[in-house]
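Undergrad: Input: one structure, supplied below.
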Number of protein chains: 2
Amino acid sequence: MSRIWENDGIYKRIRNDKLRNRITTPEKAVDFIKDGMVIGTSGFTLSGYPKAIPLELAKKNMKTYEKVKISLLTGASVGNELDGVLAQTGAITRRYPFQSNSYMRNEINSGTIMYHDIHLGCFPQQVRCGFFGHVDLAIIEAIAITEDGYIIPSTSVGATPTFTDKADAIIVEINTGVPLQLEGIHDIYQPFEPPNCQVIPIIRPEDRIGTHFIPINPEKIKAIVITDAKDNMRSFSQDNLTDKIKEHLVEFLKSEVKRKRLPPNLYPIQSGVGNTANAVMAGLADSDFENMYVYSEVIHDSILDLMEKDKVNTASATSLTFSQKGWKKFYGSEKFIDKIILRPQDVSNNPEIIRRLRCIAINTAIEMDIYGNVNSTHLIGTKMMNGIGGSGDFARNAYLSIFISKSTAKNDCVSCIVPMVSHVDHTEHDVHVIITEHGVADLRGLAPRERAPLIIEKCADPDYRPMLWNYYIRAMRNGNHTPHLMDEALSWHVRYLETGSMKQ
Amino acid sequence: MSRIWENDGIYKRIRNDKLRNRITTPEKAVDFIKDGMVIGTSGFTLSGYPKAIPLELAKKNMKTYEKVKISLLTGASVGNELDGVLAQTGAITRRYPFQSNSYMRNEINSGTIMYHDIHLGCFPQQVRCGFFGHVDLAIIEAIAITEDGYIIPSTSVGATPTFTDKADAIIVEINTGVPLQLEGIHDIYQPFEPPNCQVIPIIRPEDRIGTHFIPINPEKIKAIVITDAKDNMRSFSQDNLTDKIKEHLVEFLKSEVKRKRLPPNLYPIQSGVGNTANAVMAGLADSDFENMYVYSEVIHDSILDLMEKDKVNTASATSLTFSQKGWKKFYGSEKFIDKIILRPQDVSNNPEIIRRLRCIAINTAIEMDIYGNVNSTHLIGTKMMNGIGGSGDFARNAYLSIFISKSTAKNDCVSCIVPMVSHVDHTEHDVHVIITEHGVADLRGLAPRERAPLIIEKCADPDYRPMLWNYYIRAMRNGNHTPHLMDEALSWHVRYLETGSMKQ
């Protein structure tokens, strides 16, 4: 596959003569957005989302009482120039399938935006099948349009192939701020549909099975806007506690290799999004593991570090979500681009592949309970943080499902190990191993009565252990398979709401 | 594939000359079972489990204080001659992955047997990879042993190919009570393992991809016992309320076809186990749907009825679980056997196939909450009923995940729609549609604040609706994405424990 490393130019960015005539301004393009539309945009974990047109819609809405309101569908979370400004200007009625923007979150929690939190790997099929209504318009960030009028996406693929396929019309934001160097990194494949369903022929993480562009009907492209706006980049931080978590993780994986339950180079790794996940993956860079593979949904800085040290051979995902430093490293070397594949999220997060490759899923939790149930979305059972994302796609179908968390939050006023989680995203059936800075609880094969002592002693903060033991011992007196006191199970959350601390 | 319809005989049942010498009595065979062993047996939903040797072990244990204690692994639930008698005679220390026997359940709930409730489709891989220790012995019910010494299973496949592969030794119970007519119904295929992983080449429910016997090393067979003990058969009952549930289901499926979200013959159907599931499937027999397919884990009476009416073309599963009437019908006609395929449970319940075929999953619930979370295992949050079984394999990976339940239980003293379920087996992310005798709540695309009113009005018992509204309205005042009152969320369960009724 040829890549273009030369300098940019409009002919390199829009290689189809006819389509160059569709270049317009954001001010004009925004007129394609009508009130009540269902709009699907590119973007996955603050990466590769359109920026110019949403900003224009926000401006337009700020000038009028007759606000244009849309249902917004994306791959996953998108930046403030999309989720933030549209939430702030009353442009969103419904939002699927994931978000992480503070303005969006506020509107969701206040009940003004209807949000349905959906497994990212299931979402494209559900869109295709009309579960969320007809898609009127797709707004897609791209690095280029090919001679045939096909779209080369930018820094993420997400659900873009689904949106461009189902939408009546497409608007493209050509982002000249993203180097053409990225061309060839994408592998676009769309699962076949019944009655013609077929296997997805990925049997190794490095298998390429599709095209490096999104085939579309070029007639659908109604407008093209040129931008150079950067993705709203994340930065990663690290602290002493995540250091300990990553040590525990590496030790645990080593012991699994020793017991011959994992091969010396492990199985392909999925890791969640965010600081802790990034830090924990960084732990593998300091380990002796080699020849590893990543089959995940996002590629963050730590995976570049692993590649730099020649410890990861290939990383497959649907999004690049680097810090500014990470982007510099990525573009600064030809080493990475051949080792990374970006796929649609219904391939990166597909149960078929996750099960076949025996992925090791490493995801973060907000809170976990003494029986191994995990809450990864709701604060105190009610307030939505971001969403389940792809964690459920991986945790359910993975070979090994690991959840990590610090043992406390909010200056130790919250214990992340509680008697009963206030919301369940991952059930006891999908949680094999729990790791906090204090240690590892390997729950496989254990009955609830065996899990509770282990989780309390290995994972809970020592300050909260006596309280957890107290609850568990009294619950045991009532007996049954999963001992609980129904009138106290959520009392830690009640106390936090009343006093600002779970401590007694 | 040739089938043998002639009369039985030992030469037809054990076709390998050498192995005929291994025939022994249950009394002698039981001596292979040593204290502390991990034993895997055939059996899935009270079907195809060994009976003679477990009974012998129970007898042996009754005669001594030095009880032989084992870890018991099966495909899924097994009959009283295995789970019941061994639980009663103190023979079990650990039990995986599913059960439905009242004696077993009592020991599990009293904490004397350590039970880990596991997705049935994930279990065989976890056994193979040593998550539950080394498998010492496999005890397998079979209808015959081939010339090559391979095993032809009886009425279920379950995890048998995994157990025979991993165990050091195998004991076979040849059940002459199960006609040889069954030969050819099985399709034994074991997923490849990394680094040689391969796709599972099923692209239609009727695809046969394996052998009609389980290939084993015949040297492993240490003893063969001849029995004619029947499976402990289930009977199915039906009532007026399930009639209404099935009407709602058929209406809902029809409306999906009308909206072009389902093809006229639907997608392959999975239905759970038990009375309600059987009754609901029977509803499809009275409907206009034709050319349907079943891709499920068990085949019960209603599916025979559907086949009798030429409405189901092929049914693929891992177990036949008929009533006595059903068995009579099954053996009374050559019509059925060519239309039924029994696969290992890691193929019948495999996420790869479930996703690829776009299965419609129909499972039953113990309780559901106003936001769509489902409890299918625990009474009042603590007492284990049976287990999650395969419902999670299907609900997570299905095209459409439907949960059904009556709206009340225990003479209306329990509402099956509650503010918050006391245990979560299926999260809001995996529950698309809820059906009770009162109606259908289609939750797809809806925010929690939209789901609650719908579930209350469409699905809850009218007697409980005012109480649910009262809770929900007060919870809404506290705001947030999923409104809850932490100090009242489980109060209905507390009230039931205190007064014997959830009613105020």
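The values are calculated or read from the model by the stated rules, or taken from the named source; none is laboratory data. On a predicted model such as this, the values are computed, not experimentally measured, just so you know. Counting neighbours? That spans all protein chains shown, and the Cβs are built from the backbone with ideal geometry, glycine included. These accessible areas exclude ligands, DNA and RNA; they are computed on the full protein's heavy atoms, side chains included. Shrake-Rupley method; radii C 1.70, N 1.55, O 1.52, S 1.80 Å.
Undergrad: What is the angle, in °, between the Cα long axis of helix A:240-258 and the longest principal axis of the Cα atoms in chain A? Nearest 10 is fine, range 0 to 90.
TA: Roughly 80 degrees, rounded to the nearest 10.
Undergrad: Follow-up question, since we're still on this one. What is the average number of partner chain Cβ atoms found within 10 Å of a Cβ in B:197-204? The partial results should precede the final answer.
TA: Numbers: counts 9, 4, 9, 4, 2, 2, 7, 3.
Mean partner-chain Cβ count within 10 Å for B:197-204: 5.
Undergrad: Two-decimal Rg/Rh of region A:349-408 from alpha-carbon positions, Kirkwood Rh?
TA: Numbers: Rg = 12.3 Å, Rh = 12.2 Å.
Value, to two decimals: 1.01.
Undergrad: Can you give me the relative contact order of region B:1-146 as a percent, contacts being Cα pairs under 8 Å and 6 or more apart?
TA: Values: 232 pairs, mean separation 40.7, N = 146.
Relative contact order here is 28 percent.
Undergrad: Per-residue HN-Hα couplings for region B:113-121, Karplus 6.51 cos²θ - 1.76 cosθ + 1.60 at θ = phi - 60°, whole Hz, x for Gly and Pro?
TA: 10, 8, 10, 10, 8, 10, 3, 5, x
Undergrad: Another one. Need one value for B:483-493: mean number of C-beta atoms belonging to other chains within 10 Å of its residues' C-beta atoms.
TA: Details: counts 4, 8, 5, 14, 8, 2, 9, 8, 2, 1, 4.
Partner-chain Cβ atoms within 10 Å, mean over residues of B:483-493: 6.
Undergrad: Going 7 Å from Cα along the Cα-Cβ axis for the label, what nanometre distances separate residue B:243 from the same residue across the other copies?
TA: 7.1
Undergrad: Students sometimes get this wrong: rank B:115, B:65, B:11 by accessible area, probe 1.4 Å, all chains present, largest first.
TA: Working: B:115 0, B:65 220, B:11 155 Å².
Putting B:115, B:65, B:11 in descending order of accessible area: B:65, B:11, B:115.
Undergrad: List the relative contact order of region A:272-370 as a percent without decimals, with contacts defined as Cα pairs under 8 Å and 6+ residues apart. Present the calculation step by step, with values, prior to reporting the outcome.
TA: Details: 129 pairs, mean separation 27.8, N = 99.
Over region A:272-370, the number comes to 28 percent.
Undergrad: Related question: Charges only on Cβ, +1 for Lys and Arg, -1 for Asp and Glu: so what's the dipole of chain B about the Cα centre, in debye to the nearest 20?
TA: On the way: 57 positive and 60 negative charges, 42 e Å.
Computed charge dipole of chain B: roughly 200 debye.
Undergrad: For chain A, what does -39500 (n - 2.57) per DSSP helix run (n ≥ 4), summed and divided by total residues, give at 222 nm, in deg cm²/dmol to the nearest 500? Mind showing how you got there, number by number?
TA: Working: 18 runs with 147 residues, N = 504.
Value at 222 nm, helices only, nearest 500: -8000 deg cm²/dmol.
Undergrad: Let me ask something else. Roughly what angle does helix A:465-478 make with the longest principal axis of chain A, taking Cα atoms, 0 to 90 degrees, to the nearest 10?
TA: Compared with the principal axis, the helix lies near 70 degrees.
Undergrad: Which translational diffusion coefficient, to the nearest whole µm²/s, is obtained for region A:130-278 from the Stokes-Einstein equation, given a Kirkwood hydrodynamic radius over C-alpha pairs, 37 °C and 0.692 mPa s?
TA: Numbers: Rh = 18.8 Å.
Translational D for this selection: 174 µm²/s.
Undergrad: Which value, in debye to the nearest 20, gives the size of the charge dipole of region B:426-494 about its Cα centre, when Lys and Arg are +1 and Asp and Glu are -1 at the Cβ? Could the numbers behind the result be given before it?
TA: Values: 7 positive and 10 negative charges, 55 e Å.
The dipole of region B:426-494 has a size of about 260 debye.
Undergrad: Show me B:131-143, A:193-205 ranked by packing, highest mean number of other Cβ atoms within 10 Å first. Present the calculation step by step, with values, prior to reporting the outcome.
TA: Values: B:131-143: 23.2, A:193-205: 16.0.
Those peptides, ordered most packed to least, come out B:131-143, A:193-205.
Undergrad: Further question: Place the peptides A:304-312, B:385-393 in order of packing, highest mean first, counting for every residue the other Cβ atoms within 10 Å and averaging per peptide. Working shown, then result.
TA: Working: A:304-312: 19.7, B:385-393: 25.8.
Result, highest mean first: B:385-393, A:304-312.
Undergrad: Tally Lys/Arg at +1 and Asp/Glu at -1 over every other residue whose Cβ is under 13 Å from the Cβ of residue A:102; what's the total?
TA: Numbers: positive: A:105, A:383; negative: A:83, A:107.
That works out to 0.
Undergrad: If the label point is 7 Å along Cα→Cβ of residue B:409, which residues in region B:276-296 have backbone nitrogen under 15 Å from it?
TA: Backbone N within reach: B:276-277.
Undergrad: Can you flag which of B:258/B:309; A:311/A:458; A:260/B:166 are past 20 Å Cα-Cα?
TA: Details: B:258/B:309 23 Å; A:311/A:458 30 Å; A:260/B:166 14 Å.
Violating the 20 Å limit, Cα to Cα: B:258/B:309; A:311/A:458.
Undergrad: Magnitude of the Cβ-charge dipole of region B:256-371, K/R +1 and D/E -1, about the Cα centre, nearest 20 debye? Can you show the working numbers first?
TA: Details: 15 positive and 15 negative charges, 65 e Å.
Using Cβ point charges on Lys, Arg, Asp and Glu, region B:256-371 gives about 320 debye.
Undergrad: Give me the Debye-computed log₁₀ of I(q)/I(0) at q = 0.15, 0.16, 0.18, 0.23 Å⁻¹ for region A:392-504, equal point scatterers on Cα only, no solvent, two decimals.
TA: Listed by q, the Debye log ratios stand at -0.66, -0.76, -0.96, -1.47.
Undergrad: Once phi is turned into θ = phi - 60°, what whole-Hz ³J(HN,Hα) does the Karplus curve with 6.51, -1.76 and 1.60 give for every residue of region B:48-64, x standing for Gly and Pro?
TA: Per residue, the Karplus-derived 3J(HN,Hα) values read x, 9, x, 10, 5, 6, x, 4, 5, 5, 4, 4, 4, 5, 5, 8, 9 Hz.
Undergrad: Give me the Kirkwood hydrodynamic radius of the protein assembly as shown in Å, from all C-alpha pairs, to one decimal place?
TA: On the way: mean 1/r = 0.0342 Å⁻¹.
When all Cα pairs of the protein assembly as shown are included, the Kirkwood radius is 29.2 Å.
Undergrad: Separate question: Would you work out which of B:354, B:375, B:407 lies farthest towards the positive end of the dipole of region B:351-459? Charges go on Cβ: Lys and Arg +1, Asp and Glu -1.
TA: The residue sitting most towards the positive pole is B:354.
Undergrad: Moving on to the next point. Identify, among B:321, B:340, B:363, the residue whose Cα sits farthest towards the positive end of the charge dipole of region B:288-371, taking +1 on the Cβ of Lys and Arg and -1 on the Cβ of Asp and Glu, with the dipole about the Cα centre.
TA: Going by the charge dipole, the pick is B:340.
Undergrad: On to the next question. With 19 Å as the limit, write out which pairs from A:28/A:220; A:69/A:220; B:34/B:60; B:410/B:503 have Cα-Cα distances beyond it, or answer none.
TA: Working: A:28/A:220 17 Å; A:69/A:220 22 Å; B:34/B:60 12 Å; B:410/B:503 12 Å.
Pairs exceeding 19 Å: A:69/A:220.
Undergrad: While we're here: Taking K and R as +1 and D and E as -1, what net charge do the other residues with C-beta under 9 Å from the C-beta of residue B:14 add up to? Kindly include the intermediate steps, with their values, before the conclusion.
TA: Numbers: positive: B:12, B:13, B:15, B:20, B:22; negative: B:17.
Neighbour charge sum, excluding residue B:14 itself: +4.
Undergrad: Where both residues lie in region A:44-183, what percent of DSSP beta bridges are antiparallel, nearest 5? Could you put the intermediate results ahead of the total?
TA: Working: 3 of 14 bridges.
Beta bridges within region A:44-183, antiparallel portion: roughly 20 percent.
Undergrad: While we're here: Could you calculate the contour length gain from residue A:181 to residue A:206, that is, 0.36 nm times the residue separation minus the distance between their Cα atoms, to one decimal place in nm? Could you put the intermediate results ahead of the total?
TA: Working: separation 25, 0.36 × 25 = 9.00 nm, distance 1.95 nm.
Stretched out fully, the residue A:181 to residue A:206 stretch lengthens by 7.1 nm.
Undergrad: Now a separate question. Counting only other chains, what is the mean number of Cβ atoms within 10 angstrom of the Cβ of each residue in peptide A:406-416?
TA: Values: counts 0, 0, 0, 0, 0, 0, 0, 0, 0, 0, 0.
So the per-residue partner count for this stretch is 0.
Undergrad: List every residue whose amide H lies under 5 Å from the amide H of residue A:408, counting only residues 5 or more places away in sequence or on a different chain, with H placed 1.01 Å from N in the peptide plane.
TA: A:416
Undergrad: Let me ask something else. Kindly report, to the nearest 10 Å², the accessible surface of residue A:243 as traced by a 1.4 Å probe over protein heavy atoms only.
TA: In the full protein context, residue A:243 sits at about 50 Å².
Undergrad: Using a cut-off of 10 Å between beta-carbons, work out the net charge of the residues near residue A:235 (Lys and Arg +1, Asp and Glu -1, residue A:235 not included).
TA: On the way: positive: A:234, A:325; negative: A:301.
It works out to a net charge of +1.
Undergrad: Let me ask you something else. I need the Kirkwood Rh of chain A: take the reciprocal of the average 1/r across all distinct C-alpha pairs and report it in angstrom. If you can, show how the numbers build up before the last one.
TA: Values: mean 1/r = 0.0426 Å⁻¹.
Across chain A, the inverse of the average 1/r is 23.5 Å.
Undergrad: Can you give the FRET efficiency to the nearest 0.05 for residue B:59 and residue B:228, using r as the Cβ-Cβ distance and R₀ = 22 Å? Mind dumping the intermediate values first?
TA: Details: r = 19 Å, r/R0 = 0.85.
Given R0 = 22 Å and the Cβ-Cβ separation, E is 0.75.
Undergrad: To continue, here is another question. Kindly write out, for region B:17-22 in residue order, the coupling ³J(HN,Hα) from the Karplus curve 6.51 cos²θ - 1.76 cosθ + 1.60 (θ = phi - 60°), rounded to whole Hz, with x marking Gly and Pro.
TA: Using θ = phi - 60°, the values come out as 4, 4, 6, 4, 6, 8 Hz.
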